[in-house]
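**Student:** Input: one structure, supplied below.
The values are calculated or read from the model by the stated rules, or taken from the named source; none is laboratory data. Values in this document were obtained by computation on a predicted structure and should not be read as measured data. So basically every Cβ, Gly included, is an ideal-geometry build from the backbone, and we count neighbours across all protein chains shown.
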Amino acid sequence: MDVLVCIKRVILAGNTFALNEDHTDIDTLHLGYTLSPHEESAVEAAVRLNEEFGGTTTLLTLGHVDSEEQIRSQMAIGPDRAIVLETDGSEWDPQATANAIIDAIKKEETKFDVIIFGSESADTAGYQTGIRVAHALGLPIVTNVKGLKVENSVARCERAVGNMREIYEVSLPAVLTVRDGIAIPRYPSVPGRIKARKKPMDVFPVEKPAAKIEKVKLELPPVKAKGATMLSADADGAQKLVEIFREIGVLS
Amino acid sequence: MSAQSSQSSLPSRAKAVVIGGGIVGNSIVYHLARLGWRDLVQIDKGPFPNPGGSTGHASNFIFPTDHSKEMTHITLDSMKQYKELGVFTECGGFEVARTSERMQELHRRMSSAKSWGVNDSRIVTPAEVKELVPYIDETVILGAFYTPSVGVVDSVRGGTIMRERAQEMGALQSFGNTEVLSMKVENGRIKSVITDKGEIEADFVVIATGCWSPKLAAMAGASIPLTPAVHQMKDIGPVPRFKDAKGDIEHPIVRDMDTNMYERQHGSGLEVGSYAHRAILYTPEDLPSNAQAALSPTEFPFTQEDFDLQDEQALELMPEIVGDESVGEKYAINGILSLTPDGMPIVGETPEVKGLWSAAAVWVKEGPGVGKALAEWMVLGESEIDMHSSDIARFHEHQKATFHIKERTAEGFNKTYGIVHPAEQWSSNRDVRLSPYYEREKALGAVFFETVGWERPFWYESNKDLLAKFGDAVMPRTAEWDSRWWSPIINAEHLQMRESAALVDLTAFAIFDVTGPSALDVVQRAAVRQMDVAIGKVIYTPILSESGGFKSDLTIMRLAHDQFRVVTGGAHGMADKKWFSDLLPTDGSAQINDLTTAYTTLGIWGPNARKILSALTKDDLSHEGFPFGTCRIIEMGPLRVLASRISYVGDLGWELYVQMEQGAKLWDLVMDAGKPHGLIPAGIGVYGTTGRLEKSYRAYGAELETEYNVVEAGMQTAKLKAQEFVGKAAHLKHREEDPAAILCSLTVDDHTSKSGEKRYMLGREPILTPDGGIITDSHGRRSYVTSAGSAPSLGKHVLISYLPPQHAKIGEKLVVEYLGEHYPVTVASVSSTPLFDAKNERIMS
C-alpha cells in the first residue's frame, strides 16, 4: 500500500509572539519550526499502514527548503522518500497550494492508495487543501478522521463530530484529512535519523501564482497573564483552595 | 516570609539587590545572609523556583578536575556545598580516550587532579570502564580517566534551599516575575534598580543573570563580556536496560572527550550532550521573554543538522542503547549557556560602577562556590579562594568588544573538551594591539604570542644561527608536546644575552601614574615596601590583600614628590589599576592616569648593555652614576628616555620608556649601537621564563596568589616600614609564625622517560615524595610546579614549587609527575636565593 502524506512546516511559538512591522506576518526571530501534532499523527498512521500491508510512504511538503529538517525528522520514523515543492517560504493561499500538490501528484509514477493531510494547517487553518486535491483528482475524501482501519482496500474511518462518532467506509484510493490522535506518533530513534539522512528527497522549485486572496493584516489578541497566582504560603491557603473548588464546582 | 508572595510589594530600599534566581543568585543571597547581611532583595523576571535561565535546563553533572586551579577549587567547594544541601548524587565519571594523544592528555589530567586536590581519580582500562558502563563499546576506547566522586546535582532544588535559608534567617525577600528596566548610577556608584514593580535603592547590586548579564550591565554603563551560546543535548529513551532504574542516575557519566560529547543515564533515558557542533552564538537581545518562549527563554528549538555527526559518534560508543530502534528521542534542545572569551567566569565588582557586582558565566558545577566567593568578597573584602582568573576587572578595552567576544568564544567552544596546550595561542582576532616595533620584529621572523591583545615576540627566527653557536647548551627537546609553542632559539637568545646583550619588547606592560597631593598616601597604602623614597627611586613591591596574600607584585617609580608611576604586567594590569583606584581618597586629592598606551618600553640586558647605551648618550651610566633601583630621564640622540635600572632576567641593564610614537626610533638607535657588541632582539621566552627562572624571580598568577603570603614566597624584608598598608596586620603575623610552605627552585635530575625519550615539564605538575606520595602543607595546599622552564646557563630544567619546611632543604630528593611518569628532582635553592649568580654580581656590575 503506497501512501502519500502532505505536511507543512509551521512555527513553534510560546504563549505570545510578535508581529513584523507592517503586521502582515509573524516575527520569527525567537521562533523555531515544527510540524503540527496532527500531521505527525498522519505520518505515524501511514507508517503503520506500511507495517501492516507493506508498500511505501512518501512525504510531500510545499515550502522553504529548510523544511528538510522537519521532513528528515519524520523520515526517521519510517517514510521512504520525500518531495519538496520549494518556495521562498512565504505563505501560499490554499488554492495555490492545492494546485501545486495536484500537479506534483500527477507527475508521480506511484499511484497512491491513500493520500493523507492534516485536516487543516496549524498556522493558517484553511481546511481547504485536502478537499481541493481530492476534488481535482476525482477521489473520495473523508475529513476530520480520528481513527483508521483498512481491510480489503476499504478504509474504515472514524470521525469525531461533537460528542458523537461517525463511521465511514471508503474504497481506496482515497484522500483522508486527519486529526491528532489518529495514531500517537512514535519518537524518532537515532538509527532512524541516521537512515533518514540517506533517504531520497526530490526538490522541485515551484512558482508562486498571483494571489487571488490577500492577507491584509494580523492582529494579536490582548495578552492574557501567564502563570499562577499564589493563594498563600501558609496553612490558610487550604481554605482558599476549598473556596475555589466550590466556585468551579469541583466541590459542592 | 515566602518567595514572591503576590501580596507583598517591592521594598523601596535594600542593602543589596541580587538580580537572578538561578543557582548563582540563590547561592549569593544565602552566603550574604550567612555572613550577616540583612535587607537583601532578590528579583528575577521569571517565576521561582525555575525562572527560565540556564540553571533550569542544565545537565547538572560535575567533574571536579580542570587544568585551572581556581576552577577546580571552586568546583570542589561547590560539590561540598551541594552535598551539604542534600542534592548531590555520586555516580562516578569517566573521561574516555579514543586516541593516544588523548591518553596522554588524560595523564595530564591526573597531574592536575593531584596538584589541585582531587583525590580519587585514576587511569583505568577499557575493561574497567565496561564493568561500570556495560552498554559501552569498549573496543572504541583506549582507556579512561576515572573519578568516582563525580556526581549529579539538583541545582534548582539546591538553589531553592539556599534561597529559603536566607529567607528563614529573615535576611531576604525574593520577588519573581519582576523585570529590571533600568539602573541609576550616581557619582560612579550604583544608586537604584528600577523594575516593572517599582524602584529599589540599594548600596549593592549583583548581576547574576547568566546569559542576560551583558544587557543588565549595560543599563548601568558597565560591561560583562560574555555571549549566550548553544549547547545541544538530546534525551533518548526509554532504554530497556534502564527500565528498572530507581534513581536519576545509577551508572557513571561518560565524557567522550575526542568527540566533544557526553552520555549520561537520566532515569530511564540516556542524555547525549555535545560541544562539538559549530559555535551557535546569540546576543542577550535574541533571547525571548518567558511568555514568548516555546519551552523556556534558554531552551531553543533543537537543530538536528548540527547534531548529525554526534548521532553517529554516540552510536559508535554506545551501540546497545543508541542503536536500538525502539529507543526514541524524547526531548532535544539547543540549551543556552554563557561563554566568555577566555573561558573563565566573570566575577567581582565592575570597574565602571562602584557597588555593582557581577557573577556571570558561571555554570552549575561552579555556582555555589562562586556564590560563596562573591559574598566573601563583598562582605569581607576578599574570598578564601583566589578568584583572580575570574575577576571582572581583568578585561582590557578591546576584550569588551562584541567582535572579540564572538571570535574567541567561537574558537574556544570546541575546545570545551579539547586538548589545550598550556601555551596554546588563539588564532582568532589577532594583531589588535601592535607595538611600535611590530613591523621590525616581523621582518626579523618574530614568532608572536598574544598577551591581552598585544602581539609579543616569543623568539626570533633571525636568531636561528645562534643554535649552531651554542650547540647542545640550548637544551633541545624531541617530544612534540614539550616543544609545541616552544623553540630552542629561546635558549640560544638567553645564552647570547648572558654573553653580550639582548633587547626585549615590553610594550605590553600596563602603566599608570598615581598623582596629586595624596599620591604618596595611596601608593604607601598599596605597597608593602617603603614608598616615601627619594625621587628617582624604583621600588619593586608586593601588593597584598587584607589577609596578607598576594594581590600583585609590581614596580613603582617615584618621578616627583606627587607622581608615582606604577608598572605592572599586562595580563593583570587592569585588575591592578582597579585595586589602586579603589584606594583613591574620595576628596579627589589623588588621581590615576592610565598611560599604558602612552608609553612603550624596551628592555636591554646583558654584560654589554652599558657599553651599548653609552654609545647613545652622554649621561653617566656607570654603576655609581646610575645605581641599581633608580630611574631618570637620559638623552639618547633626539629622544628623552626614562631609563630605569632594574632587571627581571638577572643581568645588568635598563628598561627604557619613551612615548609610543618614538618607540621605533628608539629601537633603531639601540639596535644600531648594539650591532658591534653582539646585541640581539630576544623574545618573551627569555624575559618571562629562562632569565626569570634562573634568578628564581616570582611571577604573579604563577607563584604569587592570595593563597600564599610574603614570607612563604621568600619576599620579606628585614625591616618593615612603619606606615600602614593593606594586609599589614596579617603580614606582621606571617612574619611571626613559621611558614607552612617555602618557595623553592628544583632541578630535574633525569629527563629520561620509560620510552627513552627525554621529557621536559611545562608547569602545574605535582611534586611528590620519592615513593610517589602527595605532598600537602599544614594549610592543606599541595606542592605543585608553579613555573617550569630551561635554565640554559645552568644546563638544567628548573621547576619552582612551594614545599612544606620538611622538604624545603637544599639537596632534598623528590619526584615530579609528568604525563603519568615520575622524574627525579632535587631542591636546588630554598626561598629567594637565585640558582644563577646567587650574589647578583651581574646586576650590580
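**Student:** Looking at this structure, is residue B:313 assigned to a loop (DSSP other than H, G, I, E, B), crowded, with 18+ Cβ neighbours inside 10 Å and more than 31 Å from the chain's Cα centre (by Cα)?
**Tutor:** When the stated conditions are applied, residue B:313 does not pass them.
**Student:** Go through A:40, A:52, A:21 for me and flag whichever is of a type outside the set (Val, Ile, Thr), within 14 Å of chain B (Cβ to nearest Cβ) and not in a strand (DSSP E or B).
**Tutor:** The match here is A:40.
**Student:** Just to be sure I understand the filter: pairs with C-beta atoms under 9 Å, separated by 6 or more residues or on different chains, first member in the range B:584-595 and over 14 Å from residue B:559 (Cβ atoms), second member surrounded by fewer than 14 Cβ atoms within 10 Å (Cβ to Cβ). Which pairs pass?
**Tutor:** These pairs meet every condition: B:589/B:517; B:590/B:517.
**Student:** Let me ask something else about it. Does the range B:546-554 contain at least one residue that is in contact with a Gly (Cβ under 8 Å, 6 or more places away or on another chain) and within 30 Å of residue B:459 (Cβ to Cβ)?
**Tutor:** Taking every residue of the range B:546-554 in turn, at least one turns out to be in contact with a Gly (Cβ under 8 Å, 6 or more places away or on another chain) and within 30 Å of residue B:459 (Cβ to Cβ).
**Student:** Just checking, which of B:122, B:109, B:157 is out of contact with any strand residue (DSSP E or B) (no Cβ under 6 Å at 6 or more places or on another chain), modelled with pLDDT of 95 or more and not β-branched (Val, Ile, Thr)?
**Tutor:** Checking each option against the conditions leaves just B:157.
**Student:** With the requirement that a residue be touching an Asp or Glu at 6+ places or on another chain (Cβ under 9 Å) and either within 12 Å of chain A (Cβ to nearest Cβ) or buried (at least 22 other Cβ atoms within 10 Å of the Cβ) (or both), what does the range B:274-299 give you?
**Tutor:** Hits for the range B:274-299 are B:274, B:289, B:293.
**Student:** If you don't mind, another one. Based on this model, can you work out whether residue B:170 counts as among the small types (Gly, Ala, Ser), touching a residue at least 40 places away in the same chain (Cβ under 8 Å) and in a loop (DSSP other than H, G, I, E, B)?
**Tutor:** Spelling it out, residue B:170 is indeed among the small types (Gly, Ala, Ser), touching a residue at least 40 places away in the same chain (Cβ under 8 Å) and in a loop (DSSP other than H, G, I, E, B).
**Student:** Oh, and also: Residue by residue through the range A:67-85, note down the ones that are of a type in the set (A, V, I, L, M, F, W, C) and assigned to a helix (DSSP H, G or I).
**Tutor:** A:71, A:75
**Student:** Considering B:747, B:717, which residue is of a type in the set (Ser, Thr, Tyr), over 25 Å from residue B:70 (Cβ atoms) and assigned to a loop (DSSP other than H, G, I, E, B)?
**Tutor:** Of B:747, B:717, the one residue that is of a type in the set (Ser, Thr, Tyr), over 25 Å from residue B:70 (Cβ atoms) and assigned to a loop (DSSP other than H, G, I, E, B) is B:717.
**Student:** Take the residues of the range B:524-559 that are over 16 Å from residue B:706 (Cβ atoms) and in a helix (DSSP H, G or I): which is nearest to the chain's Cα centre (by Cα)?
**Tutor:** Among those that are over 16 Å from residue B:706 (Cβ atoms) and in a helix (DSSP H, G or I), it is B:525.
**Student:** Do we have residue B:82 as aromatic (Phe, Trp, Tyr), part of a helix (DSSP H, G or I), crowded, with 20+ Cβ neighbours inside 10 Å and more than 20 Å from the chain's Cα centre (by Cα) here?
**Tutor:** yes
**Student:** Let me ask something else. Hey, can you tell me all the residues within the range A:46-82 that are hydroxyl-bearing (Ser, Thr, Tyr) and surrounded by 19 or more Cβ atoms within 10 Å (Cβ to Cβ)?
**Tutor:** Once the filter is applied, which keeps residues that are hydroxyl-bearing (Ser, Thr, Tyr) and surrounded by 19 or more Cβ atoms within 10 Å (Cβ to Cβ), the range A:46-82 yields A:57, A:58, A:61, A:67, A:73.
**Student:** Look through the range A:78-122, keep the residues that are closer than 13 Å to residue A:42 by Cβ and in contact with a helix residue (DSSP H, G or I) (Cβ under 6 Å, 6 or more places away or on another chain), and return whichever of them is nearest to the other protein chains (Cβ to nearest Cβ).
**Tutor:** Per the stated criteria, the residue is A:78.
**Student:** Within 13 Å of another protein chain (Cβ to nearest Cβ), out of contact with any His (no Cβ under 7 Å at 6 or more places or on another chain) and not in a strand (DSSP E or B): does that describe residue B:325?
**Tutor:** So residue B:325 fits the description; yes.
**Student:** Quick one: how many residues across the range A:23-50 are out of contact with any Pro (no Cβ under 8 Å at 6 or more places or on another chain) and touching a residue at least 24 places away in the same chain (Cβ under 8 Å)?
**Tutor:** 13
**Student:** Sticking with this structure for a sec: In the range B:342-366, which residues are assigned to a loop (DSSP other than H, G, I, E, B), charged (D, E, K, R) and surrounded by fewer than 23 Cβ atoms within 10 Å (Cβ to Cβ)?
**Tutor:** Of everything in the range B:342-366, those that are assigned to a loop (DSSP other than H, G, I, E, B), charged (D, E, K, R) and surrounded by fewer than 23 Cβ atoms within 10 Å (Cβ to Cβ) turn out to be B:342, B:352.
**Student:** Can I ask one more? Given the range B:564-676, what strands (runs of 3 or more DSSP E) lie entirely inside it while holding 1 or more residues that are β-branched (Val, Ile, Thr) and buried (at least 21 other Cβ atoms within 10 Å of the Cβ)?
**Tutor:** Passing ranges, in order: B:599-605, B:639-644, B:653-659.
**Student:** Also, I was wondering about something else. Would you confirm, using the coordinates I've provided, whether residue B:338 is surrounded by fewer than 23 Cβ atoms within 10 Å (Cβ to Cβ), in contact with a Ser or Thr (Cβ under 8 Å, 6 or more places away or on another chain) and either more than 26 Å from residue B:405 (Cβ to Cβ) or of a type in the set (S, T, N, Q) (or both)?
**Tutor:** The answer is no for residue B:338.
**Student:** Further, regarding this structure: Is there any pair linking a residue in the range B:825-845 that is farther than 15 Å from residue B:692 by Cβ to one that is of a type in the set (Phe, Trp, Tyr), with Cβ under 7 Å and at least six apart or on different chains, and which?
**Tutor:** Cβ pairs passing all conditions: B:844/B:628.
**Student:** Would you call residue B:359 closer than 23 Å to residue B:23 by Cα, in contact with a Pro (Cβ under 8 Å, 6 or more places away or on another chain) and not acidic (Asp, Glu)?
**Tutor:** Yes: the conditions hold for residue B:359.
**Student:** Can you list residue pairs whose Cβ atoms sit under 6 Å apart, with the first residue in the range B:238-250 being assigned by TED's automatic domain parsing to the domain that holds residue B:93 and the second being part of a helix (DSSP H, G or I) and hydrophobic (A, V, I, L, M, F, W, C)? Count only pairs 6 or more apart in sequence or on different chains.
**Tutor:** Once the first residue is assigned by TED's automatic domain parsing to the domain that holds residue B:93 and sits in the range B:238-250, its partners that are part of a helix (DSSP H, G or I) and hydrophobic (A, V, I, L, M, F, W, C) give B:239/B:321.
**Student:** Report yes if residue A:184 is within 30 Å of residue A:57 (Cα to Cα) and hydrophobic (A, V, I, L, M, F, W, C), otherwise no.
**Tutor:** Spelling it out, residue A:184 is indeed within 30 Å of residue A:57 (Cα to Cα) and hydrophobic (A, V, I, L, M, F, W, C).
**Student:** Separate question: Residue B:802 passes all but one of (1) within 25 Å of residue B:72 (Cα to Cα); (2) touching a Cys at 6+ places or on another chain (Cβ under 8 Å); (3) assigned to a loop (DSSP other than H, G, I, E, B); which number fails?
**Tutor:** For residue B:802, the exception is condition (3).
**Student:** Something else about it: Any idea which of B:382, B:376 is of a type outside the set (Ser, Thr, Tyr) and not in a helix (DSSP H, G or I)?
**Tutor:** None of the other options fit; the residue is B:382.
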